[in-house]
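Structure record follows, encoded as structure tokens.
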Amino acid sequence: MEKFDVIIIGAGPGGMTAAIYTQRANLKTVMLEKGAPGGNMMSTWEIENYTGTGKITGFELSEKMFNHTQELGVEYRYGDVSNIVDKGDVKEVHTASGEVYETKAVIVASGTNPRKTGAPGEDKLSGKGVSYCAICDGAFFKDTDIVVVGGGNSAIEEAVYLSKTVNHITVVNILPDLQADAKAVDEAKETGKMDFKLGYEIASFDGDEKLESVTIRNVETKEEEVLDVEGAFVFIGAVPQAPFVKDLDVQNDWGYIEVDEHMMTKVPGVFAIGDVIDKELRQIITAAADGTIAAVQVSNYIKELDKKNK
């Protein structure tokens, strides 16, 4: 069984920042990631609020962060973690492919996945007109009419990005108002390519081999309307991705991991950071800050652990 001082599950901005700090603290560190380094940051078209970078794409920032970890010698491996076993002073991290690693501390940085509407036809037409990533799929819908589902910053900012490619966008939001900040809403309106269906929900995604239309329903009157579109982009929040902590009893009712101000869960030696934790603000910079805090606390935790076991 291979042994590490700290295993970081996930290589998003939080996980990679934590790895930089633990590596610099001379802790034997490995990042386990089942996707590409960067996580959801990879699919963000434009970032302009990460200190010191100015405007930068999510891909570029992901690459810079990952290269930084590699310059410092952080070990990086593919790993789809299936379970964390608490054995007191040591933890076992199991993967779906059968690897078992032993570690003194774990930092969970596994992030979230897009939340789905649950409307009929969504799963069937996913990848066939229904998408959750503007930068990944936007180019396929050049000069077409599309729907963007959601009213928060993510939805409106991605709609602005898509407006550079598509013909027209109908923004559908279940609430009577948009939740995005004023700047994002102003930018959306200035495109001249959007109209807004507020107080509407998705009744169904329609089509056989590909998306042909979206049926929307007025939340109050229940009247339905069919929108002839070729694409639908869904941005209505996220689902935390941490099924492997189920045996540790560290999650709230929504599946987010609960931590203290040191990013430690109620299980000593198990820390969590970034979008997967119960917090109010989920941003790249706050995930990185979480990673810094967790890494410093992990270093302190391991020092005390080593003293105890001498």
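Take the residues in the range 34-59 that are in a helix (DSSP H, G or I) and either at pLDDT 95 or above or among the hydrophobic types (A, V, I, L, M, F, W, C) (or both); name whichever of them is farthest from residue 92 (Cα to Cα). Full working, then the answer.
So in the range 34-59, the residues in a helix (DSSP H, G or I) come out as 39-43, 58-59.
Then drop every residue that is not either at pLDDT 95 or above or among the hydrophobic types (A, V, I, L, M, F, W, C) (or both), which leaves 41-42, 59.
On the way: 41: 28, 42: 29, 59: 32 Å.
Across the range 34-59, the extreme among qualifying residues is 59.
Specify which of the listed residues (298, 219) is within 30 Å of residue 51 (Cβ to Cβ) and either touching a residue at least 60 places away in the same chain (Cβ under 8 Å) or of a type outside the set (D, E, K, R) (or both).
Residue meeting the stated conditions: 298.
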TODO: Kindly indicate which of 52, 58, 39 is touching a helix residue (DSSP H, G or I) at 6+ places or on another chain (Cβ under 6 Å) and either not acidic (Asp, Glu) or not assigned by TED's automatic domain parsing to the domain that holds residue 302 (or both).
DONE: 58
Task: Matching entry among 19, 11 (being touching a Pro at 6+ places or on another chain (Cβ under 6 Å) and surrounded by 23 or more Cβ atoms within 10 Å (Cβ to Cβ)) - done: 11
- [ ] Take the residues in the range 1-28 that are more than 20 Å from the chain's Cα centre (by Cα), in a loop (DSSP other than H, G, I, E, B) and of a type in the set (A, V, I, L, M, F, W, C), then tell me which one is farthest from residue 92 (Cα to Cα).
- [x] 25
Task: Breaking point among (1) crowded, with 23+ Cβ neighbours inside 10 Å; (2) in a helix (DSSP H, G or I), for residue 31 - done: (2)
- [ ] Quick one: in the range 260-270, of everything that is in a loop (DSSP other than H, G, I, E, B) and aliphatic (A, V, I, L, M), which residue is farthest from the chain's Cα centre (by Cα)?
- [x] 267
Open item on the list: Can you confirm whether residue 56 is more than 23 Å from residue 242 (Cα to Cα), β-branched (Val, Ile, Thr) and surrounded by 15 or more Cβ atoms within 10 Å (Cβ to Cβ)?
Closed with: yes
- [ ] Check off (1) buried (at least 17 other Cβ atoms within 10 Å of the Cβ); (2) in contact with a Ser or Thr (Cβ under 6 Å, 6 or more places away or on another chain); (3) in the same structural domain as residue 175 (by TED's automatic domain parsing) for residue 291 and give me the number that stays unchecked.
- [x] (3)
Task: Test set (1) over 18 Å from the mean Cα position of the chain (by Cα); (2) crowded, with 21+ Cβ neighbours inside 10 Å - residue 65 fails condition number - done: (1)
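Let me confirm something: among 273, 277, which residue is of a type in the set (A, V, I, L, M, F, W, C), in contact with a helix residue (DSSP H, G or I) (Cβ under 6 Å, 6 or more places away or on another chain), buried (at least 18 other Cβ atoms within 10 Å of the Cβ) and farther than 16 Å from residue 149 by Cα?
None of the others qualify; the one that does is 273.
One line per residue, one yes/no per condition, for (1) touching a Lys or Arg at 6+ places or on another chain (Cβ under 9 Å); (2) in contact (Cβ under 8 Å) with a residue 40 or more places away in the chain:
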residue	(1), (2)
2	no, yes
13	no, yes
17	no, yes
24	no, yes
33	yes, yes
37	no, no
41	no, yes
Open item on the list: What's the total number of residues in the range 238-259 that are over 21 Å from the mean Cα position of the chain (by Cα) and assigned to a loop (DSSP other than H, G, I, E, B)?
Closed with: 1
Open item on the list: Going through 159, 139, 184 one at a time, which residue ends up being buried (at least 23 other Cβ atoms within 10 Å of the Cβ), of a type outside the set (Lys, Arg) and either without any contact (Cβ under 8 Å) to a residue 60 or more places away in the chain or part of a helix (DSSP H, G or I) (or both)?
Closed with: 159
TODO: May I ask you to list the residues in the range 221-255 that are buried (at least 20 other Cβ atoms within 10 Å of the Cβ) and in contact with a Pro (Cβ under 7 Å, 6 or more places away or on another chain)?
DONE: 234
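The values are calculated or read from the model by the stated rules, or taken from the named source; none is laboratory data. Here the structure is a predicted model, which means the values were calculated and not measured. Cβ: placed from backbone, ideal geometry, glycine included. Neighbour counts: every protein chain shown.
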